[in-house]
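Working notes for the structure below.
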Amino acid sequence: MTALPLAAAPLAASVAPAPRLLDLRSEFPGVPETWAYLDAAATAQKPRAVIEAIARAYGEDYATVHRGVYARSARMTEAYEDARACVARFIGADAGELVFVRGATEAINLVAQSWGAANIGPGDRILLSRLEHHSNIVPWRMLADRVGAVIDVAPLTEDGRIDEAALIACITPETKLVSIAHVSNVLGSVADVSRIAAAAHAAGAKLLVDGCQAAPRMALDMAALDCDFYVFSGHKLYGPTGIGVLFARADILAAMPPWQGGGAMIEEVHFEHVSYTAPPLRFEAGTPHIVGAIGLAAAISWVEQVGIAAIEAHEAALTALARAELESLGVRIFGPSHSAGILSFAVGEVHPHDVATILDEGGVAIRAGHHCAQPLMRHLGVPATARASVSAHTTPADIARLAEGVKRVMRIFG
Ligand code: PMP
């Protein structure tokens, strides 16, 4: 892994110089030099180290976990539990506080159906923000409809951040849960989690943080954030799909009723009654995504080797570069002037799908649509946006391609 001085980059003149850029492209077999993959916020491309770890886990290491008495299975169990410990260390938590799930969506549904159903009742309130992803809205709407709870929605600032003072003012004695995104998947806005945690806790509410877009791009420490639940998906953190993480504080997890029933989550089963094992396995019914967990641990090891601070600085430099390029073309950029790795934009009145299609013809992959955030689109007054998101392998040349593509859109649409 090498670092490239940003000063050597072709478009560097338009942004404040950052000390070093990462040079990791050759580690991503899925991203040829000729392709600007700017859709990492949807899913990250995988470093070779992760692909190889997955191949090994499905190859010479493969066996089930938690059941087999033979040596291979014992080793696989150890690798699966080591993966849990690795993820826990990465976010400053204990392994016992980490439940492996399919992804952030499943993690939020787990909390809603287990903790939520046990702790939220008629007249209780759940506080969200206007920029949430559907996976941090729909599970709460479903729960609220089932138990007769109320959903409150905190407003945004003019520049598209969660208005933290207004959110705190929305917390009432009936508020049982505040659930917000750490980083918006549309605007890249970053929330001050510990400030919101302090206010939620002062009112006796719990705080869930959707860390899908934060986990790949900033250092996380559960103790410092002081949240009660934190969720993210492995596939956005350079790991495989189908694996994600629910962190819940140990005392909360211990009191939560099981969610799905089946093998691996029980102590004793009788037809008349069942007793359940301790967390985190209580919430991992059935054969887990063994290889997914191992692949996620490999991704985290890769990120740790590169350095999450280096990734954050690299993304900040490239996001600033992209912002400067797009602004110089007169493109409308949504969201705050400092966004974490993500830029939503509009090219005049051109539909974002047309923008993305024309960019694709020039070898640039961006996302266009509502980004599973329809309430935010309504707030912005648009049906959709174009969204470019950077990651550890993004280069200034990718950003130059993006700018060229946008110029082409402008030429085509006059
Ligand atoms: N929250 C945010 C902020 C996201 O960006 C995403 C993925 N787009 C999700 C939740 C859902 O993640 P997944 O589909 O991996 O469960």
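Read the figures in this text as sums done on the coordinates, not as results from a lab. Just so we're clear, the structure is a prediction, and the values are computed from it rather than from any experiment. For neighbour counting, all protein chains shown are included, and Cβ atoms are generated from backbone atoms with ideal geometry for every residue, glycine included.
Using only Cα atoms, tell me the angle between helix 193-202 and the longest principal axis of the chain; keep it within 0 to 90° and round to the nearest 10.
40
Can you list, bin by bin at 5 Å, the percent of alpha carbon pairs in segment 346-414, starting at 0?
Values per bin, smallest distances first: 4, 17, 26, 23, 16, 12, 3.
Divide the volume of the convex hull of the Cα atoms of the chain by its number of residues and quote the answer in cubic angstrom per residue.
Residue-normalised Cα hull volume stands at 140 Å³.
What would the Debye formula give as log10 I(q)/I(0) at q = 0.11, 0.15, 0.18 Å⁻¹ for the alpha-carbon point model of segment 42-179, no solvent?
-0.62, -0.91, -1.07
Using the scaling law 2.2 N^0.38 Å as the reference, what is the normalised Cα Rg of segment 105-144?
1.09
Mind checking the log10 I(q)/I(0) for segment 123-190 at q = 0.13, 0.17, 0.27 Å⁻¹? Debye, one equal scatterer per Cα, no solvent, two decimals.
The computed values of log10 I(q)/I(0) come out as -0.34, -0.57, -1.20.
Could you work out the pair-distance distribution P(r) of segment 293-392 from its alpha-carbon pairs, with 10 angstrom bin width and percents rounded to whole numbers?
14, 39, 30, 16, 1
Scan the chain and hand back the longest stretch that contains none of the GluC sites (Glu not before Pro) lying in DSSP loops with at most 12 other Cβ atoms within 10 Å.
Segment 159-271 is the longest.
Relative contact order, percent, of segment 60-145 when contacts are C-alpha pairs under 8 Å separated by at least 6 residues?
18
Given a cut-off of 20 Å, what percent of all Cα-Cα pairs of segment 213-291 lie beyond it?
Here the long-distance tail beyond 20 Å is 45 percent of all Cα pairs in segment 213-291.
Given the C-alpha centroids of segment 29-56 and segment 357-408, what is the distance between them in whole angstrom?
A separation of 18 Å, based on Cα centres.
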